[in-house]
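Undergrad: Starting off with a structure, shown below.
The values are calculated or read from the model by the stated rules, or taken from the named source; none is laboratory data. Since this is a predicted model, take the numbers as computed values, not measurements. Note that we place each Cβ from the backbone using ideal geometry, even for glycine, and neighbour counts take in every protein chain shown.
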Amino acid sequence: MLKPNGNYGNLKDSYLFFGISKKVAAYQAEHPDMPVYRLGIGDVSRPLCDVVIKTLHEAVNDQADGATFRGYTPECGIPEFRKAVAGYYARRNVTLDPDEVFVSSGASDELGDILDLFDASSPALVTQPAYPAYVDASIIAGRKVNFLNAGPDNDFLPLPGEDTEADLIYLCSPNNPTGAVYNREQLQQWVDFANRRGAVILFDAAYEAFIEGDYPHSIFEIPSARTCAIEICSLSKTAGFTGTRLGYTVIPKELERDGMNLNAMWIRNRTTKTNGISYILQKAGIAVFTDEGLEQLQENIMVYKENARVIMKALDAAGIRYWGGKNAPYIWMACPDGMKSWDFFDLLLNKVQVIGTPGEGFGSCGEGFFRLSSFGDPEATKIAAERIRKIVTADK
Ligand code: MLT
């Protein structure tokens with residue numbers, strides 16, 4: 001008889017955000033007249049910028065005309081899209097061959113798919129708290145996961161020690177969920193460690209567009225990263241593509257392990273497992289990386305940054321300690337009065353109809369913390385922030 005993948009038995013009952021959405025839906029079914037204020041999943045609320053919308057319309061028209069109609073696109077990406085991404089990196093003095101850029105349907109999809117490149121016997125190292133897909137996708141693939149704990153003591157930026165066990169290293173900076181961001185010297189420590197060990201870093205750069213200070217946006221700003229890193233990024237948070245779906249992955253041509261070239265392996269994988277990404281979306285992605293696109297998308301990022309300020313101000317007023325919010329769209333707060341994170345989730349949902357994300361959902365060392373997202377509607381964010389301030393200060 002066919003055997004199912006038994007690794008599913010090692011997962012938690014439901015994926016974090018799926019579980020939360022079920023809880024919220026149940027609350028709404030019981031309280032249909034009660035508006036809820038969403039600072040939970042990092043889903044954008046602003047529409048796509050004008051140049052992207054205009055380009056999407058143009059691309060649809062292209063598909064309506066025999067002279068411009070496009071069928072399958074190249075599996076690894078339309079050359080102009082790959083060039084546009086390489087051009088974006090060149091703005092930060094990172095030189096990429098467009099053939100090192102692969103189109104994807106988004107970072108979360110890719111973070112699971114990319115595991116095809118590595119033998120399941122190589123353990124993963126996840127800095128925790130972490131985006132839960134790193135852990136769940138590794139478990140589904142039958143990979144052992146080791147954790148390196150982040151906390152207030154290391155400003156949520158753990159670094160490798162000589163005894164750290166790691167083959168496949170997940171790093172996310174700016175970090176989801178904590179908002180912490182590694183500086184150059186710290187990322188250099190990770191790169192040197194990975195090169196010494198023959199490990200590979202999977203660098204999740206999904207939040208790079210939120211960086212304000214002098215921090216690396218890409219692992220490839222760090223010397224020697226080309227021999228030990230893969231970067232996965234998406235337009236979801238950069239350009240509001242959460243519902244549109246487009247991303248990219250960078251695999252340097254010199255990245256090899258055990259005599260096998262990972263760039264060549266990924267070509268082999270994509271040409272087998274995909275038929276490319278929609279022409280319409282890639283054309284819109286090219287528009288994102290034009291001067292006009294990059295300027296326009298800043299308007300939305302500024303709205304989200306203002307939301308973050310509103311949330312941080314409310315937490316300051318409530319005397320609550322928090323991290324992030326400046327170089328990242330997430331604010332990572334300590335739960336008030338030592339509360340457990342799911343208890344605080346229930347309190348906010350039931351008493352003030354605010355949805356956030358319990359820290360425990362990002363791993364055991366997220367217990368006692370809570371994540372607030374700044375991607376919400378500005379008016380709803382103001383109401384939610386004031387409600388959080390009030391309920392936290394109510395008994396003080
Ligand atoms: C999050 O809330 O952590 C993210 O929006 C989830 C994602 O990007 O898939």
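Undergrad: Take residue 179 and decide whether it is small (Gly, Ala, Ser) and surrounded by 20 or more Cβ atoms within 10 Å (Cβ to Cβ). Can you show your working first?
TA: Values: small (Gly, Ala, Ser): yes; surrounded by 20 or more Cβ atoms within 10 Å (Cβ to Cβ): yes.
Yes, satisfied.
Undergrad: It is to be established whether one or more residues within the range 379-388 are more than 14 Å from the ligand (Cβ to nearest atom), in a helix (DSSP H, G or I), within 19 Å of residue 44 (Cα to Cα) and in contact with a Pro (Cβ under 9 Å, 6 or more places away or on another chain).
TA: Taking the range 379-388 first, the residues more than 14 Å from the ligand (Cβ to nearest atom) are 379-388.
Filter once more, so that each one left must be in a helix (DSSP H, G or I): 379-388.
Narrowing further to those that are within 19 Å of residue 44 (Cα to Cα): 379-385.
Now drop any that are not in contact with a Pro (Cβ under 9 Å, 6 or more places away or on another chain), which leaves 380, 383.
Yes, that holds for at least one residue.
Undergrad: Could you please find all residues in the range 359-388 being on the phi < 0 side of the Ramachandran plot and free of Cβ contacts under 8 Å to residues at least 60 places away in the same chain? Steps first, answer last, please.
TA: Residues of the range 359-388 that are on the phi < 0 side of the Ramachandran plot, as a first pass: 359-362, 364-367, 369-388.
The answer is 360, 367, 370, 379.
Undergrad: Follow-up. Which ones in the range 222-245 are of a type in the set (D, E, K, R) and either within 12 Å of the ligand (Cβ to nearest atom) or closer than 15 Å to residue 172 by Cα (or both)? Give the derivation first.
TA: Of all residues in the range 222-245, those of a type in the set (D, E, K, R) come to 226, 231, 237, 245.
If the condition is that a residue be of a type in the set (D, E, K, R) and either within 12 Å of the ligand (Cβ to nearest atom) or closer than 15 Å to residue 172 by Cα (or both), then 231, 237, 245 are the ones that fit.
Undergrad: Let me ask another. Give, as residue ranges, the helices (runs of 4 or more DSSP H) completely inside the range 38-137 that count at least 3 residues that are surrounded by fewer than 16 Cβ atoms within 10 Å (Cβ to Cβ) and on the phi < 0 side of the Ramachandran plot. So that I can check it myself, show each step before the final result.
TA: Working: elements: 50-63, 79-90, 107-113.
By residue number, 50-63, 79-90.
Undergrad: Could you run through the range 179-220 and say how many residues are among the acidic types (Asp, Glu) and either outside the structural domain of residue 86 (by TED's automatic domain parsing) or under 19 Å from the mean Cα position of the chain (by Cα) (or both)? Give the derivation first.
TA: Within the range 179-220, the subset among the acidic types (Asp, Glu) is 185, 192, 204, 208, 212, 214.
Those left that are additionally either outside the structural domain of residue 86 (by TED's automatic domain parsing) or under 19 Å from the mean Cα position of the chain (by Cα) (or both): 204, 208, 212.
So the answer is 3.
Undergrad: Which condition does residue 129 not pass, out of (1) under 15 Å from residue 205 (Cα atoms); (2) at pLDDT 95 or above; (3) within 20 Å of the chain's Cα centre (by Cα), if it passes all the others?
TA: Condition (1) is where residue 129 drops out.
Undergrad: Could you tell me which of the residues 112, 71 is at pLDDT 95 or above, in the same structural domain as residue 169 (by TED's automatic domain parsing) and farther than 20 Å from residue 253 by Cα? If you could, list the steps in order and put the result at the bottom.
TA: Values: 112 fails: at pLDDT 95 or above.
When all the criteria are applied, what remains is 71.
Undergrad: Oh, and also: Does residue 285 fit the bill of being in contact with a helix residue (DSSP H, G or I) (Cβ under 6 Å, 6 or more places away or on another chain), under 15 Å from residue 84 (Cα atoms) and modelled with pLDDT of 95 or more?
TA: Yes: the conditions hold for residue 285.
Undergrad: Can you name every residue in the range 275-287 that is buried (at least 17 other Cβ atoms within 10 Å of the Cβ) and more than 21 Å from the chain's Cα centre (by Cα)? Show your work before the answer.
TA: Keep residues of the range 275-287 that are buried (at least 17 other Cβ atoms within 10 Å of the Cβ), which gives 276-287.
276, 278, 279, 280, 283, 287 - these are the residues of the range 275-287 that are buried (at least 17 other Cβ atoms within 10 Å of the Cβ) and more than 21 Å from the chain's Cα centre (by Cα).
Undergrad: Same structure again: Looking only at the range 354-362, decide whether some residue is in contact with a helix residue (DSSP H, G or I) (Cβ under 6 Å, 6 or more places away or on another chain), more than 13 Å from the ligand (Cβ to nearest atom), not in a helix (DSSP H, G or I) and not acidic (Asp, Glu).
TA: yes
Undergrad: Cβ-Cβ below 6 Å, separation at least six or inter-chain, first residue in the range 286-302 and closer than 19 Å to residue 212 by Cβ, second among the basic types (Lys, Arg): which pairs?
TA: Close Cβ pairs satisfying both conditions: 300/46.
Undergrad: State yes or no: is residue 267 more than 14 Å from residue 51 (Cβ to Cβ) and either among the small types (Gly, Ala, Ser) or touching a strand residue (DSSP E or B) at 6+ places or on another chain (Cβ under 6 Å) (or both)? Lay out the reasoning, then the answer.
TA: On the way: more than 14 Å from residue 51 (Cβ to Cβ): yes; either among the small types (Gly, Ala, Ser) or touching a strand residue (DSSP E or B) at 6+ places or on another chain (Cβ under 6 Å) (or both): no.
Judged against the criteria, residue 267 is not a match.
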